[in-house]
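The values are calculated or read from the model by the stated rules, or taken from the named source; none is laboratory data. Nothing here was measured: the structure is a model prediction, and the numbers come from that model. In this analysis, Cβ positions are derived from the backbone assuming ideal geometry, glycine residues included, and neighbour counts consider all displayed protein chains.
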Ligand code: ZN
């Protein structure tokens, strides 16, 4: 890593979470559902500054899917229309049960999300049993996929420490998630506490944070001003303002770009993102 990337004003990586597994067209018609819509929306986001695409796939009726074929088509489209962009699949739990959640890792995306503990979600338990987590870790290793570890709760930071101490991962990225109903709220004192622990336990690891719903821009601001990276997109938030629906993923990426500028952070290019996160430079 070059010296200038280590400074506080290092480039800020913007990840766009384009679709998720919950929002539907009747919540916001701009949420991309079909593969074609997803590729177009990712390209628009890429053109205004996003360098990571966080991807879920859906069935034709909008319900979440674990279909490997869909993940493959989406990643091929992103590679074609957004050269260099980092592709990150979700192994989140709405699309399937148990090991179904990790089957798409065989496509070998650059990265994929990995939850290391359970938490409550608005309408259910987000269940991640130790057995499933251990199986997923092996799939990540087998396929050489860099994990983005999702921190929904304080205990997940300690869980990650245990995993790292067992030498499971040489390279990983950390994503703090705040503002999910029934899970950890977007609280600045907790955010700062999380960061202190993360810097203590994993001093060289890059981190990002995501705020759900109305917390999105606030968390973007906290991340950019604390030397972290930004996640935005319609998966997490469907509104530009309280009464205005976001017209596209790109409109949310543009807000993130503004937040970077206000915090004296340049927006990371795809090549810079690959360097900062020690990802494959060949794509
Ligand atoms: Zn997701």
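Being in contact (Cβ under 8 Å) with a residue 24 or more places away in the chain, surrounded by fewer than 21 Cβ atoms within 10 Å (Cβ to Cβ) and within 24 Å of residue 109 (Cα to Cα) narrows it down to one of 134, 128, 143, so name that one.
None of the others qualify; the one that does is 143.
Does region 219-236 hold any residues that are within 28 Å of residue 29 (Cα to Cα) and touching a helix residue (DSSP H, G or I) at 6+ places or on another chain (Cβ under 7 Å), and which are they?
Filtering region 219-236 for residues within 28 Å of residue 29 (Cα to Cα) gives 219-221, 229-236.
The answer is 220, 221, 229, 230, 232, 233, 234, 236.
Inspect all residues belonging to region 8-19 and state whether any of them is surrounded by 17 or more Cβ atoms within 10 Å (Cβ to Cβ), part of a loop (DSSP other than H, G, I, E, B) and modelled with pLDDT under 95.
Yes, the conditions are met somewhere in region 8-19.
Taking region 146-166, which residues are touching a residue at least 24 places away in the same chain (Cβ under 8 Å), touching a helix residue (DSSP H, G or I) at 6+ places or on another chain (Cβ under 9 Å) and part of a helix (DSSP H, G or I)?
154, 157, 159, 160, 161, 163, 164
When you look at residue 78, is it without any contact (Cβ under 8 Å) to a residue 40 or more places away in the chain and touching a helix residue (DSSP H, G or I) at 6+ places or on another chain (Cβ under 9 Å), yes or no?
Considered against the rule, which asks whether it is without any contact (Cβ under 8 Å) to a residue 40 or more places away in the chain and touching a helix residue (DSSP H, G or I) at 6+ places or on another chain (Cβ under 9 Å), residue 78 comes out as yes.
Listed here are the residues, each with its yes/no results for (1) over 21 Å from residue 209 (Cα atoms); (2) in contact with a strand residue (DSSP E or B) (Cβ under 7 Å, 6 or more places away or on another chain); (3) at pLDDT below 95; (4) within 16 Å of the ligand (Cβ to nearest atom).
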site: 41; (1), (2), (3), (4): yes, no, no, yes
site: 47; (1), (2), (3), (4): yes, no, no, no
site: 92; (1), (2), (3), (4): no, yes, yes, yes
site: 97; (1), (2), (3), (4): yes, no, yes, no
site: 103; (1), (2), (3), (4): yes, no, yes, no
